[in-house]
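Asker: Here it is, the structure, as structure tokens.
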Amino acid sequence: MWARYARVVRADVLSLREQDFITAARASGVSDTRIIWRHLLPNVMAPVIVLASLGIGSIIILEAALSFLGLGVRPPTPSWGGILADGRAFILRYPHISIFPGVLIVITVLAFNFVGDGLRDALDPKD
């Protein structure tokens with residue numbers, strides 16, 4: 001999953017490289033290391049934080065799917081995917097065993113996606 005982060009960082013650095021404040025810093029004799037730490041890194045961190053918060057939801061779904069298939073964490077460690085798999089045998093008599101973990105997965109993933117959307121709106125310098 002690192003390629004997504006690398007692509008975002010590269011695109012931001014390439015666009016920031018052409019900005020006037022970088023040109024002014026170079027013209028005043030600032031070293032490349034200082035430009036990276038003082039100008040590029042703070043401007044690149046906002047998109048990376050947003051991307052990470054949006055990626056948490058897909059990681060939760062991936063872990064639940066692997067645990068549902070029996071490839072995730074081993075019992076007795078609890079996992080929503082494991083609880084869904086255990087409740088599959090009793091779905092007709094006791095549907096709440098599978099419904100509640102499924103609903104909690106959906107709510108948690110939606111919450112992280114809403115946080116990511118809010119961070120994108122708050123940290124977007126173009127607005």
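Asker: Restricting to helices (runs of 4 or more DSSP H) lying wholly in region 1-61: which have 2 or more residues that are touching a residue at least 40 places away in the same chain (Cβ under 8 Å) and under 18 Å from the mean Cα position of the chain (by Cα)?
Answerer: Working: elements: 2-16, 20-27, 32-35.
Helices (runs of 4 or more DSSP H) meeting the threshold: 2-16.
Asker: For the condition closer than 30 Å to A111 by Cβ, modelled with pLDDT of 90 or more and surrounded by 12 or more Cβ atoms within 10 Å (Cβ to Cβ), what is the one hit in A11, A25, A3?
Answerer: Values: A25 fails: closer than 30 Å to A111 by Cβ; A3 fails: surrounded by 12 or more Cβ atoms within 10 Å (Cβ to Cβ).
When all the criteria are applied, what remains is A11.
Asker: Here's a follow-up. Test S31 against the stated conditions and say whether it is surrounded by 17 or more Cβ atoms within 10 Å (Cβ to Cβ) and among the hydroxyl-bearing types (S, T, Y). I'd like the intermediate steps shown before the answer.
Answerer: Numbers: surrounded by 17 or more Cβ atoms within 10 Å (Cβ to Cβ): no; among the hydroxyl-bearing types (S, T, Y): yes.
For S31, the condition - surrounded by 17 or more Cβ atoms within 10 Å (Cβ to Cβ) and among the hydroxyl-bearing types (S, T, Y) - is not met.
Asker: Kindly indicate whether R120 is at pLDDT 90 or above and among the basic types (K, R).
Answerer: The answer is no for R120.
Asker: Test G70 against the criterion of being buried (at least 18 other Cβ atoms within 10 Å of the Cβ), among the small types (G, A, S) and touching a residue at least 12 places away in the same chain (Cβ under 8 Å), and give yes or no. Break it down into steps so the answer makes sense when it comes.
Answerer: Details: buried (at least 18 other Cβ atoms within 10 Å of the Cβ): no; among the small types (G, A, S): yes; touching a residue at least 12 places away in the same chain (Cβ under 8 Å): yes.
Answer is no for this residue.
Asker: Still on this structure, please answer the following. Hey, G55 hits all of (1) loosely packed, with under 11 Cβ neighbours inside 10 Å; (2) under 29 Å from A6 (Cβ atoms) but one; which does it fall short on?
Answerer: The single condition G55 does not satisfy is (1).
Asker: Here are R88, R74: which of them is out of contact with any Phe, Trp or Tyr (no Cβ under 8 Å at 6 or more places or on another chain) and assigned to a loop (DSSP other than H, G, I, E, B)?
Answerer: R74 is the lone residue from the list that is out of contact with any Phe, Trp or Tyr (no Cβ under 8 Å at 6 or more places or on another chain) and assigned to a loop (DSSP other than H, G, I, E, B).
Asker: What residue, of L62, L40, is of a type outside the set (D, E, K, R), closer than 29 Å to D117 by Cβ and surrounded by fewer than 15 Cβ atoms within 10 Å (Cβ to Cβ)?
Answerer: L62
Asker: Here is a follow-up. So, I97, is that one farther than 30 Å from P47 by Cα and surrounded by 11 or more Cβ atoms within 10 Å (Cβ to Cβ) or not? Quick ask: steps written out before the conclusion?
Answerer: Values: farther than 30 Å from P47 by Cα: yes; surrounded by 11 or more Cβ atoms within 10 Å (Cβ to Cβ): yes.
Yes, satisfied.
Asker: Which of the following residues is among the basic types (K, R), closer than 23 Å to D124 by Cβ and out of contact with any strand residue (DSSP E or B) (no Cβ under 7 Å at 6 or more places or on another chain): R34, R10?
Answerer: So the residue among R34, R10 that is among the basic types (K, R), closer than 23 Å to D124 by Cβ and out of contact with any strand residue (DSSP E or B) (no Cβ under 7 Å at 6 or more places or on another chain) is R10.
Asker: Ok, one more. Examine region 79-89 for a residue that is loosely packed, with under 12 Cβ neighbours inside 10 Å and either more than 28 Å from A3 (Cβ to Cβ) or in contact (Cβ under 8 Å) with a residue 40 or more places away in the chain (or both), and state whether such a residue exists.
Answerer: yes
Asker: Right, next: Yes or no: I22 aliphatic (A, V, I, L, M) and touching a His at 6+ places or on another chain (Cβ under 9 Å)?
Answerer: Working: aliphatic (A, V, I, L, M): yes; touching a His at 6+ places or on another chain (Cβ under 9 Å): yes.
It is true that I22 is aliphatic (A, V, I, L, M) and touching a His at 6+ places or on another chain (Cβ under 9 Å).
Asker: So, one more: Restricting the search to region 103-127, which residues are of a type in the set (G, A, S) and surrounded by fewer than 17 Cβ atoms within 10 Å (Cβ to Cβ)?
Answerer: Initial filter on region 103-127 (of a type in the set (G, A, S)): 111, 116, 118, 122.
Once the filter is applied, which keeps residues that are of a type in the set (G, A, S) and surrounded by fewer than 17 Cβ atoms within 10 Å (Cβ to Cβ), region 103-127 yields A111, G118, A122.
The values are calculated or read from the model by the stated rules, or taken from the named source; none is laboratory data. Everything quoted here is computed from the prediction, not taken from an experiment. All Cβ positions, even for glycine, are placed from backbone atoms using ideal geometry, and neighbour counts span all protein chains on display.
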